[in-house]
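Asks: Below: one structure in structure tokens.
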Amino acid sequence: MFRYLLYQIEYRRWLFLALAVALIIHLLPVQTSLTPAGKSILGIVLMTVVLVIFEPIPLPVVSFLIAVLEVLFGIARPADVAQSFMSDSVIFIMGSLMLAVAIVKQQLDKRILFFILRLTRDRVRLTVMSLVFIAGLLASVMGEHSVAAIMLPVSLILVRIWQENQVRESNQPIVFLMAVAYGAAVAAIGTPSGGARNAIMLSYWERMSGVRVSYLEWMVGMYPLVLAQLPILYFLLVRVYRPAAGGLANAYSFLRREMHQQRQFSVEDWITVSILLLTVFLWIVFSDTLGLGPIALIGVLLCVVSGVLNWDDISHDVNWGVPILYASIISMGLWMDSTGAADWIADGLHFLLGFETGGGQLLLIITLTLLSMLVGAVVSSGPAIALLGPIFLRQAQISGADPLVFGMVLVAGASYSNFTPVSSPACTIIYGSGMVPRSDYWKIGLRLALVSFVVIVAFAYFYWPFVTSRF
Amino acid sequence: MHFLICIGGEQQSRGTLRFGLMISSALRADVTILYVRRPVSFYFRKEAQMARQKLEGWPLETVDSAMMKAIERMLVEEKYLRMVEGRVDVRQMPHAEKGGLYEYHLCGQYGENVRIREREGDVVDSIRRETIEVAYDLVIVGAPGDGGRLVRHIIQYIEPSVLIVKNPREVPYRFLLCLNNSESARKAQEFALRSALLLKTSVDVLCIHSYPWEENVAMTLGEDAARLFKRFRVPHTIHIRRGPVVRTILKEIQPDHLLVMGPSERSSIYQFLFGSVPVEIGRKGNNPVLVVK
């Protein structure tokens with residue numbers, strides 16, 4: 001009995017440490033400028049960071065812990081805590097995950113590879129470019145995790161065929177895998193449906209700054225950044241891996257044989273693609289009035305009613321813990337804002353940095369970009385946006401800047417710091433193939449982050465203030 | 001007998017696997033080889049599963065089967081598997097079990113069951129779950145250079161006997177049996193006797209006493225052990241030493257020794273706070289350590 005308990009204590013030591021941190025901060029004497037509730041929520045934030053990094057308990061259970069502590073520490077009444085958990089963004093995340101299941105179920109992978117090879121044949125660099133752009137364009141709408149799941153076999157087949165044809169041993173074939181991983185990761189901020197983290201920012205803008213950003217407005221702000229980054233990524237991959245010409249000659253014939261065995265594009269396939277296109281159309285045109293979440297649910301309803309998706313698929317393949325986790329993190333962000341904790345940190349940051357409005361704006365953008373990239377690298381992009389969102393929006397208020405611009409800086413910065421295999425869903429899934437060494441993520445991630453830093457700062461200084469003033 | 005050999009990858013675990021197979025084949029034990037994979041983060045677990053399902057639609061070797069094939073290759077190289085017409089005798093092809101576990105069932109050279117299993121998660125937790133589900137007689141684990149956390153957890157929290165493989169060598173090993181006046185040491189002595197008979201090796205018995213008034217007890221233990229080993233005609237030597245236990249064992253141990261000892265009989269809390277002799281030896285020593293439970 002004792003041995004079992006001691007084992008659990010050792011195995012879950014980070015949980016106990018995180019809880020102790022939260023409790024100590026909750027019990028500390030109050031600072032004059034920080035409310036007791038604000039202090040307690042900061043304790044919960046620190047606890048969450050530790051739990052997200054070390055995962056001593058399943059992350060959905062962390063959400064329960066957040067809800068329980070928000071009530072126990074007296075931050076809010078139970079009804080208010082429950083209310084703070086649900087928002088349009090959470091419904092949107094749930095709907096997007098369900099739609100992704102319908103898409104992954106289709107046999108799109110072989111068709112994509114067939115399309116690429118028919119276009120590129122034996123030209124390796126053109127194949128890499130096609131992978132980067134196709135993964136990117138799909139990920140910007142469907143979410144990077146679905147694209148990585150669909151395109152992993154595509155890139156693996158290319159790797160195998162290339163390895164068989166190229167005599168010398170090298171790491172060059174990895175370029176196909178990295179093209180998919182980073183193509184999808186870079187483009188996932190293109191539209192709100194590209195990833196759950198985008199929905200968090202939309203929620204913060206609406207509930208903290210009172211600005212409702214539509215699907216189309218997000219695209220106008222973010223898609224040019226994606227379109228600027230994808231060619232940069234391609235040149236970076238080609239420069240690092242220097243893929244030799246040729247070696248894919250028999251890939252096309254292999255795939256034709258494979259495709260020959262496969263059935264034609266079925267009615268279900270057509271219906272699924274049509275529903276996805278319709279949903280994107282509705283998001284672009286009606287997200288202002290209908291909201292993002294209900295439109296995603298319309299897509300899911302259509303999938304179920306038309307029979308391309310059944311409840312068993314949804315309940316089995318959707319990672320239900322993700323919306324629960326994001327719901328709790330959004331709730332935490334909202335309480336950071338309403339208890340004054342975000343204000344307190346933003347004030348401190350402003351004081352420390354000593355930037356004045358106007359001349360210091362560029363320096364402030366540089367600092368916030370760096371901060372978002374650093375935190376994104378440590379806790380991954382979703383939690384980084386959730387934790388830093390309230391602080392960045394308050395910072396914008398204090399320095400008289402546009403909260404939309406600062407929010408975009410945060411989303412882009414946190415999403416472009418992919419130094420490790422676990423930094424983004426696409427990188428993790430591709431790493432799961434066992435063919436990419438960890439060091440390659442550092443090699444590509446660091447170079448991409450350095451370039452992205454300059455590009456983000458340029459966008460934040462020149463482009464985003466220009467477009468957001470017209471929203 | 002059923003042994004569990006735990007490995008963490010292809011290259012670094014070759015020595016552990018070879019050593020474990022040497023012991024298993026001598027004792028004609030069924031073997032399960034457990035490979036523990038790093039867990040995928042919770043965020044992407046479902047998506048990673050979906051990617052795996054997608055891969056099944058292609059003529060590709062998946063990562064899971066690739067690792068299993070690598071272990072199978074190692075077993076063939078070690079001449080541990082039964083071959084039928086130049087091919088491995090497979091009992092059951094790789095298949096998924098409950099709880100994200102993969103299993104591949106082969107036939108050993110002497111008809112033993114050889115299973116290759118793959119789990120995902122924390123190493124100690126995976127080994128612990130494995131030993132709860134299946135009754136193993138011995139768990140064989142390689143000791144990495146991580147400061148001994150793994151060694152401590154394995155010795156302290158795993159139920160069956162444990163063999164910590166450190167610096168495995170291509171030499172015939174002798175047993176160094178550490179005895180004291182405890183029930184666990186008596187079990188270790190029985191195990192050493194049986195193993196020495198099967199492996200046809202000698203046993204050096206080490207009885208350590210920390211205080212002068214314990215010398216008689218140590219002498220009696222040594223005499224009893226000598227009588228036992230003599231009866232079964234196992235070559236042996238008896239050494240009675242005085243001093244701190246850990247330091248004395250580390251001083252007496254030779255490069256070709258496999259250390260055999262019982263677990264600490266102190267309470268779990270004491271061991272948690274202050275450690276134990278087997279853990280200290282497992283961490284500080286350079287030889288394989290067998291803790292008989």
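Asks: Using only atoms on other chains, find how many Cβ atoms lie within 10 Å of each Cβ of peptide B:33-43 and report the average.
Replies: Values: counts 0, 0, 0, 0, 2, 4, 1, 7, 9, 12, 16.
That average works out to 5.
Asks: Here's something else I'd like to know. Report, in deg cm²/dmol and to the nearest 500, the calculated mean residue ellipticity at 222 nm for chain B, where each DSSP H run with n ≥ 4 adds -39500 (n - 2.57) and the sum is divided by the residue count.
Replies: Working: 10 runs with 116 residues, N = 293.
Helix contribution divided over all residues of chain B: -12000 deg cm²/dmol.
Asks: So what are the ³J(HN,Hα) numbers for the range A:420-437, from phi and the Karplus equation (6.51, -1.76, 1.60; θ = phi - 60°), rounded to whole Hz, Gly and Pro as x?
Replies: Karplus values, whole Hz, x for Gly and Pro: 10, x, 9, 6, 8, x, 5, 4, 5, 5, 5, 4, x, 5, x, 9, 9, x.
Asks: When only Cα pairs under 8 Å and 6 or more residues apart are kept, what is the percent relative contact order across chain A?
Replies: 21 percent
Asks: Compute the Cα gyration tensor for the range B:2-142, then decide on rounded, prolate or oblate, letting a ≥ b ≥ c be the square roots of its eigenvalues: rounded whenever a/c is under 1.5, prolate when a/b is larger than b/c in the other cases, and oblate in all that remain.
Replies: Values: a/c = 1.96, a/b = 1.35, b/c = 1.46.
Cα axes put the range B:2-142 in the oblate bin.
Asks: What number in nm² do you get for chain B if you take the convex hull of its Cα atoms and divide its surface by four? Numbers along the way, then the final one.
Replies: Details: hull surface 67.9 nm².
Its average projected convex-hull area is 17.0 nm².
Asks: Starting from the Cα of B:ASN286, step 7 Å along the direction of its Cβ; do the same at A:LEU353; then give the gap between the two resulting points in nm.
Replies: Placing both labels 7 Å along Cα→Cβ, they lie 5.5 nm apart.
Asks: How would you rank A:431-442, A:146-157, highest first, on the average number of other Cβ atoms within 10 Å across their residues?
Replies: A:146-157, A:431-442
Asks: Starting from a Cα-only point model with no solvent, please compute log10 I(q)/I(0) by Debye for the range A:68-199 at q = 0.10, 0.20, 0.22 1/Å.
Replies: -0.44, -1.07, -1.20
Asks: For a quick check: sort B:HIS2, B:HIS236, A:HIS316, A:HIS145 by the number of other beta carbons within 10 angstrom, fewest at the front. All intermediate terms of the calculation are to be shown ahead of the outcome.
Replies: Values: B:HIS2 17, B:HIS236 21, A:HIS316 11, A:HIS145 30.
Sorted ascending by nearby Cβ count, the order is A:HIS316, B:HIS2, B:HIS236, A:HIS145.
Asks: Using a Förster distance of 60 angstrom, determine the FRET efficiency expected from the C-beta separation of A:VAL455 and A:ILE9, and round it to 0.05. Please report the intermediate quantities before stating the final value.
Replies: Values: r = 47 Å, r/R0 = 0.78.
Approximately 0.80, to the nearest 0.05.
Asks: Decide, for the range A:210-323, between rounded, prolate and oblate: order the square roots of the alpha carbon gyration tensor eigenvalues as a ≥ b ≥ c, take rounded if a/c falls under 1.5, and otherwise choose prolate if a/b is larger than b/c, else oblate. Kindly include the intermediate steps, with their values, before the conclusion.
Replies: Values: a/c = 2.42, a/b = 1.24, b/c = 1.95.
Judged from the Cα gyration tensor, the range A:210-323 comes out oblate (a/c at least 1.5, b/c at or above a/b).
Asks: Taking only the Cα atoms of the range B:174-291, how large is their convex hull per residue, in Å³? Walk me through the numbers before you get to the answer.
Replies: Working: hull volume 11.2 nm³, N = 118.
So the per-residue Cα hull volume is 95 Å³.
Asks: Ranked from highest to lowest mean number of other Cβ atoms within 10 Å per residue, what is the order of the peptides B:275-284, A:180-189, A:243-252?
Replies: Details: B:275-284: 21.4, A:180-189: 31.9, A:243-252: 16.2.
Those peptides, ordered most packed to least, come out A:180-189, B:275-284, A:243-252.
Asks: Principal axes first, then extents: for the Cα atoms of the range A:139-236, list largest minus smallest coordinate on each axis, whole Å, largest first.
Replies: Ordered largest first, the range A:139-236 gives principal extents of 60, 24, 17 Å.
Asks: For the range A:66-74, in order, what is each residue's ³J(HN,Hα) by Karplus, 6.51 cos²θ - 1.76 cosθ + 1.60 with θ = phi - 60°, in whole Hz (x at glycine and Pro)?
Replies: Result, ordered by residue: 4, 4, 5, 5, 4, 7, 4, 7, x Hz.
Asks: Could you work out the local net charge near A:ARG3, counting Lys and Arg as +1, Asp and Glu as -1, over the other residues with Cβ closer than 14 Å to its Cβ?
Replies: Its environment carries a net charge of +1.
Asks: Considering the range B:196-253, what Rg and Dmax in Å follow from its alpha-carbon atoms?
Replies: Just the Cα atoms of the range B:196-253 yield Rg and Dmax of 12.4, 37 Å.
Asks: Starting from the coordinates of the alpha-carbon atoms of the range B:1-40, obtain the Kirkwood hydrodynamic radius over all distinct pairs and give the value in Å to one decimal. Display every interim value, and only then the final one.
Replies: On the way: mean 1/r = 0.0939 Å⁻¹.
Answer for the range B:1-40: a Kirkwood hydrodynamic radius of 10.7 Å.
Asks: Still on this structure, I have one more. Please find the FRET efficiency linking A:LEU370 to A:PHE466, where r is the Cβ-Cβ separation and R0 is fixed at 25 Å, and quote it to the nearest 0.05.
Replies: On the way: r = 23 Å, r/R0 = 0.92.
Efficiency for this residue pair is about 0.65.
Asks: Taking a quarter of the surface of the Cα convex hull of the protein assembly as shown, what do you get in nm²?
Replies: Details: hull surface 151.9 nm².
The orientation-averaged projected area of the Cα hull of the protein assembly as shown comes to 38.0 nm².
Asks: Restricting things to alpha carbons, tell me how big the range A:2-108 is in terms of Rg and Dmax, in Å.
Replies: According to the Cα coordinates of the range A:2-108, Rg and Dmax are 17.9, 60 Å.
Asks: With 10 angstrom as the radius, rank A:LEU349, A:LEU309 by how many other C-beta atoms surround their C-beta, starting from the fewest.
Replies: A:LEU349, A:LEU309
Asks: Same structure again: Treating only the Cα positions of the range A:376-435 as identical point scatterers, give the base-10 log of I(q)/I(0) from the Debye formula at each q in 0.14, 0.23 Å⁻¹.
Replies: With no solvent term, the Cα-only Debye profile gives -0.44, -0.83.
Asks: Still on this model: Given H placed 1.01 Å from N in the peptide plane, which residues other than close sequence neighbours of B:ARG37 have an amide H under 5 Å from its amide H?
Replies: B:ARG119, B:GLU120, B:GLY121
Asks: Got a sec? Charge dipole of chain A, +1 on Cβ for Lys and Arg, -1 for Asp and Glu; which of A:ILE314, A:PRO224, A:ALA296 is way out at the positive end?
Replies: The one lying farthest along the dipole's positive direction is A:PRO224.
Asks: Among A:SER209, A:LEU126, A:LEU69, pick out the residue whose Cα is farthest towards the positive end of the charge dipole of the protein assembly as shown, where Lys and Arg carry +1 and Asp and Glu carry -1 on C-beta, about the Cα centre.
Replies: Working it through, the farthest residue towards the positive pole turns out to be A:LEU126.
Asks: Got a sec to turn the phi values of the range A:130-142 into Karplus ³J(HN,Hα) couplings, 6.51 cos²θ - 1.76 cosθ + 1.60 with θ = phi - 60°, whole Hz, x for Gly and Pro?
Replies: These are the phi-based 3J(HN,Hα) values: 5, 4, 4, 6, 5, 4, x, 5, 5, 5, 5, 9, 8 Hz.
Asks: Given N residues in the range A:96-161, what is its alpha carbon radius of gyration divided by 2.2 N^0.38 Å? Please list the in-between numbers first.
Replies: Working: Rg = 11.9 Å, N = 66, 2.2 N^0.38 = 10.8 Å.
Computed over Cα atoms of the range A:96-161, the ratio equals 1.10.
Computed from the coordinates by the stated procedures, all read-outs in this text should not be read as laboratory data. Model, not experiment: these values are computed from the prediction. With ideal geometry, Cβ positions are generated from the backbone for all residues, glycine too; neighbour counts draw on all protein chains shown.
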